[in-house]
Amino acid sequence: MIEIQNVTKVYKLTRKQMEEQKTKASMKIAVKDVSLTAREGEIFGILGPNGAGKTTLLRCVATLLNPTQGQITVNGFDTVKEGEKVRRSLAFLTNEVKLDAHFSPKYLFRFFGRLYGLPEDVIEARRKELFEYFDITKFEDKRMEELSTGMKQKASIAVSLVHDPDIIIFDEPTNGLDIITARAVTDYLKLLRERGKLVIISTHIMPEAQKLCDRMAMIINGSCVFQGTLQEALEQTGADDLEDAFFELYRRKEETV
Amino acid sequence: MKNVGIIMRKELYRVFSDKKMVFGLFIMPALVVIGLYLLMGIMMASIMKDWEEHEPTVLVYQAPESFQEYMDQVREDNEVHSADTVYKWHELPVGLYTIGDIRYHIIWLEDEQEIEAAKEDIYNGELDLILAFPKGFDQQIQNYQVGDIIPDIETYYNPSEDYSDNAREDVLAFILEGYRNQLLEKRLGSLEQLEIYTIDRDNEESVIQNDNKAQGKLFGSIIPYMITILLFAGAMSLGADSFAGEKERGTMAALLMTPIKRSTIVYGKLFALMILSGLSALIYGGAMIFAMPLLYRTLGAMTGQELNFPPSQMCMMLILIVTLVFLYVALIAVCSTLAKNMKEGSTFISPVYMIVMVIGVISMFRGEEVTNLQYLIPLYGPTMALKNVFTLDITLPGFLLATLSNLVIGALFAWLTAKMFHSEKIMFNA
Ligand SMILES: Nc1ncnc2c1ncn2[C@@H]1O[C@H](COP(=O)(O)OP(=O)(O)OP(=O)(O)O)[C@@H](O)[C@H]1O
Ligand SMILES: [Mg+2]
């Protein structure tokens with residue numbers, strides 16, 4: 001279970017970043033007072049436009065960043081004080097976390113397995129299962145740099161799941177994938193849900209969220225403007241689909257500013 | 001501790017499974033060193049041959065009769081003065097005189113007006129040397145009374161021309177010295193009176209030295225410099241890649257997502273770096289020791305001496321090198337962890353590299369006078385200690401303090417790196 005309580009994340013901007021973003025403010029509030037709860041057995045979607053703060057929020061949950069204010073607990077462990085325990089029970093997949101292109105999927109799988117302290121036979125069994133599911137057994141000995149984007153993505157997913165985590169955090173899972181590979185990935189996410197895992201994804205593709213997510217939160221400009229099921233989103237906004245619902249929420253948010 | 005090993009093995013595997021890296025790190029340096037030494041040997045040999053083959057042209061102004069006679073007397077060929085004129089300088093005949101192993105082209109000049117033209121030619125490198133005698137040199141010598149002004153022969157030469165420089169040295173040593181002795185002999189009747197004593201006429205055991213120390217002096221001046229520079233150079237690119245490069249590629253974040261301690265990641269990387277740069281330096285050093293005799297052989301001079309080190313000295317050297325590598329690697333880790341990418345990493349490391357180089361250069365010229373406390377100075381002390389191990393001037397407390405300095409400062413920087421690994425500003429630019 002993940003509990004996010006009143007989390008705010010502020011980036012201090014360097015002078016260079018201020019110039020790049022053409023702002024005079026020396027701070028950027030990326031996430032503003034967000035509270036969420038996500039439970040095992042569901043796919044939870046963090047939705048929002050570019051720059052909304054989705055990645056920032058997920059990085060905080062994954063212990064890579066510390067919230068400026070508020071608290072996040074993962075399975076009851078605090079992400080700041082008990083980071084090692086939190087990391088043991090979750091996997092974080094994002095564009096910014098990459099596998100070394102020089103190594104093969106097989107080598108990387110073993111390497112990370114060992115870092116999680118798993119016995120060799122467990123690692124081997126996990127590898128067989130995951131590599132077969134994602135169809136990467138054929139090129140398990142090739143270097144990552146020799147693989148196509150889709151193959152790379154599949155290999156990354158397999159490697160990040162080496163420790164069979166309870167919680168899988170996936171930042172834009174289908175970004176850059178063709179529909180076939182994207183389907184393979186989303187199907188696996190559903191499989192994980194069936195196995196009782198908690199899957200959190202971020203996306204700005206509403207149709208995808210509509211199909212996949214059991215519950216969702218909409219983040220606009222760092223603030224959480226909605227949290228609930230698809231049904232609740234449609235009811236609250238009187239829209240026919242999630243995309244329309246999103247635009248309605250976006251319009252309301254703009255009005256309040 | 002087990003995790004440190006896992007990280008370290010990954011870093012090592014990463015390098016050794018990459019043919020390009022293995023070549024760049026271990027094979028190319030050896031080839032470059034050997035090639036460079038061969039080239040240096042060939043070039044130096046050809047320069048020396050060129051010097052030997054050059055025949056200096058010397059203009060003698062207002063030569064006294066006694067000097068002309070002396071020259072005719074010592075020349076080893078028997079050609080007649082005017083007949084061996086092969087070419088002219090400003091209408092004046094040039095005579096060839098072989099004295100010692102050198103054939104001089106001699107021009108005898110009386111005309112005061114030509115002397116400026118001659119100086120011009122020295123400047124241009126056309127003439128190698130002018131010997132200008134004062135007027136009435138012979139008379140002055142003959143009528144000399146104690147207290148009179150001693151006649152002076154002036155030389156004009158161009159020190160920026162090797163030929164001119166060499167010509168002056170040769171003429172002073174092989175011609176004027178003999179000429180002076182002849183004049184002295186004439187004045188005093190015999191030179192024996194002047195000798196008073198001789199040095200080491202029959203003593204064949206004159207040279208008493210510690211051969212090891214003599215060799216050490218030779219190697220001691222360059223090898224610590226080379227070793228420190230090579231150790232650092234080896235660690236530099238690897239370190240930039242291992243810390244800044246991994247950050248840039250996003251692979252560091254993957255490591256940080258595992259439940260192992262961040263300090264474990266740092267130590268694993270540091271140890272791998274130490275092994276790699278140590279190995280690289282070892283290969284460099286080996287190539288140098290192999291190539292050194294090659295250089296001497298090409299020069300035809302002394303064959304390479306073998307380093308003959310007492311075991312205690314060897315131990316000290318190894319300990320100093322290992323701890324120094326630790327310090328270098330920790331320094332590099334701090335610099336490249338601060339950097340966002342490889343390029344910035346190299347930029348941050350380069351000032352440290354400069355310092356290491358400067359200290360290396362200083363170590364070539366200083367040494368014995370280092371006090372025990374100075375051995376503690378970070379980087380400087382241990383480099384000096386390394387040199388003094390070679391020259392056998394090291395003291396035990398000095399060695400211990402230098403090692404301590406390496407370990408303490410190295411540990412400090414390693415700790416600092418681990419601290420920085422906890423900063424989200426540094427690790428994620430956030
Ligand atoms: N390291 C950083 N330093 C300063 N500002 C940052 C940093 N990372 C992100 N930001 C800013 O914080 C805000 C939120 O960024 P974030 O990456 O969380 O958005 P996102 O919702 O993931 O967007 P996208 O859909 O484009 O991935 C943006 O305005 C971004 O410019
Ligand atoms: Mg994002």
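The values are calculated or read from the model by the stated rules, or taken from the named source; none is laboratory data. The structure presented is a predicted model; accordingly, all values stated were derived computationally and were not measured. Note that each Cβ is placed from the backbone with ideal geometry, even for glycine, and that neighbours are counted across all protein chains shown. To get the accessible areas, we keep the full protein, side chains included, count just its heavy atoms, and leave off ligands, DNA and RNA. Shrake-Rupley method; radii C 1.70, N 1.55, O 1.52, S 1.80 Å.
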Shielding by partners, peptide B:243-255 (average Cβ within 10 angstrom, other chains): 4
Amide hydrogen neighbours beyond the local backbone of A:Gly70, cut-off 5 Å, H modeled: A:Thr8
Tail fraction, Cα-Cα pairs, the protein assembly as shown, threshold 43 Å, whole percent: 52
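Of all the C-alpha pairs in the stretch B:1-74, what % are more than 20 Å from each other? Please report the intermediate quantities before stating the final value.
Values: 1852 of 2701 pairs.
Result: 69 percent of Cα pairs exceed 20 Å.
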Scattering profile of the stretch A:37-186 at q = 0.11, 0.16, 0.18 Å⁻¹ [log10 I(q)/I(0), Debye over alpha-carbon scatterers]: -0.45, -0.95, -1.17
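Here is the link list: A:Lys12/A:Lys81; A:Lys22/A:Lys152; B:Lys20/B:Lys343. Which ones come out longer than 24 Å on Cα distance? All intermediate terms of the calculation are to be shown ahead of the outcome.
Details: A:Lys12/A:Lys81 22 Å; A:Lys22/A:Lys152 35 Å; B:Lys20/B:Lys343 19 Å.
Correct reply: A:Lys22/A:Lys152.
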Contact order relative to length of the stretch B:3-155, as percent, for alpha carbon pairs under 8 angstrom and 6 or more apart: 23
Relative contact order (%) - chain A, alpha-carbon pairs under 8 angstrom, separation at least six: 26
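Which whole-number percent of Cα pairs in the stretch B:54-188 have a distance greater than 23 Å? Intermediate values should be presented prior to the final figure.
On the way: 2934 of 9045 pairs.
The answer is 32 percent, as a whole percent.
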Residue of B:Tyr380, B:Tyr144, B:Tyr163 that the Gaussian network model of chain B assigns the largest fluctuation, springs spanning Cα pairs under 10 Å: B:Tyr144
Amide hydrogen neighbours beyond the local backbone of A:Leu13, cut-off 5 Å, H modeled: A:Met27, A:Lys28
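Counting residues in the stretch A:1-125 as N, plug N into 2.2 N^0.38 Å and put the Cα Rg over that result. Don't skip to the end; give the middle numbers.
Working: Rg = 17.4 Å, N = 125, 2.2 N^0.38 = 13.8 Å.
Computed over Cα atoms of the stretch A:1-125, the ratio equals 1.26.
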For chain B, diffusion coefficient by Stokes-Einstein and Kirkwood Rh (Cα), 4 °C, 1.567 mPa s, µm²/s: 48
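A plus B alone minus the pair: what accessible area, both sides summed, probe 1.4 Å, in Å² to 100?
2700
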Reachable aspartates and glutamates, given that their alpha-carbon falls under 19 Å from the alpha-carbon of A:Lys253 and they are not under 8 places away in the same chain: A:Asp33, A:Glu232, A:Glu235, A:Asp241, A:Glu243, A:Asp244
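Ignoring everything except DSSP H segments at least 4 long, calculate the 222 nm mean residue ellipticity for chain B; use -39,500 (n - 2.57) per segment, divide by total residues, nearest 500.
Values: 18 runs with 267 residues, N = 430.
-20500 deg cm²/dmol, from helical runs alone.
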Per-residue mean of C-beta atoms belonging to partner chains within 10 Å, peptide A:112-124: 3
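Exposed loop trypsin sites (Lys or Arg not before Pro) only (DSSP loop, at most 14 other Cβ atoms within 10 Å): please give the longest stretch of chain A free of them, not including the sites. Spell out each step's value before the answer.
Details: sites that count: A:Lys22, A:Lys24, A:Arg39, A:Lys81, A:Arg195.
My reading of the result: A:82-194 is the longest stretch.
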All-pairs Cα distance distribution in the stretch A:2-256, expressed in whole percent, bin size 5 Å: 1, 6, 13, 16, 18, 16, 13, 10, 5, 2, 1, 0
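Per residue, how many Å² of accessible area does the protein assembly as shown show with a 1.4 Å probe?
Details: 34540 Å² over 687 residues.
Per residue, the protein assembly as shown has 50 Å² of solvent-accessible surface.
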Long pairs among B:Lys2/B:Lys247; A:Lys98/A:Lys211; B:Lys340/B:Lys425; B:Lys10/B:Lys247; A:Lys54/B:Lys261, criterion Cα-Cα beyond 18 Å: B:Lys2/B:Lys247; A:Lys98/A:Lys211; A:Lys54/B:Lys261
Cα-based reach from B:Lys186 at 24 Å (exclusive), listing lysines while leaving out same-chain residues under 8 positions away: B:Lys135
Long-range HN-HN contacts of B:Trp89 with modeled amide H, under 5 Å: B:Val94
From phi via Karplus (6.51, -1.76, 1.60), per-residue ³J(HN,Hα) for the stretch B:390-405 in Hz, x at Gly/Pro: 5, 8, 6, 9, 6, 10, 4, x, x, 4, 5, 5, 4, 4, 4, 4
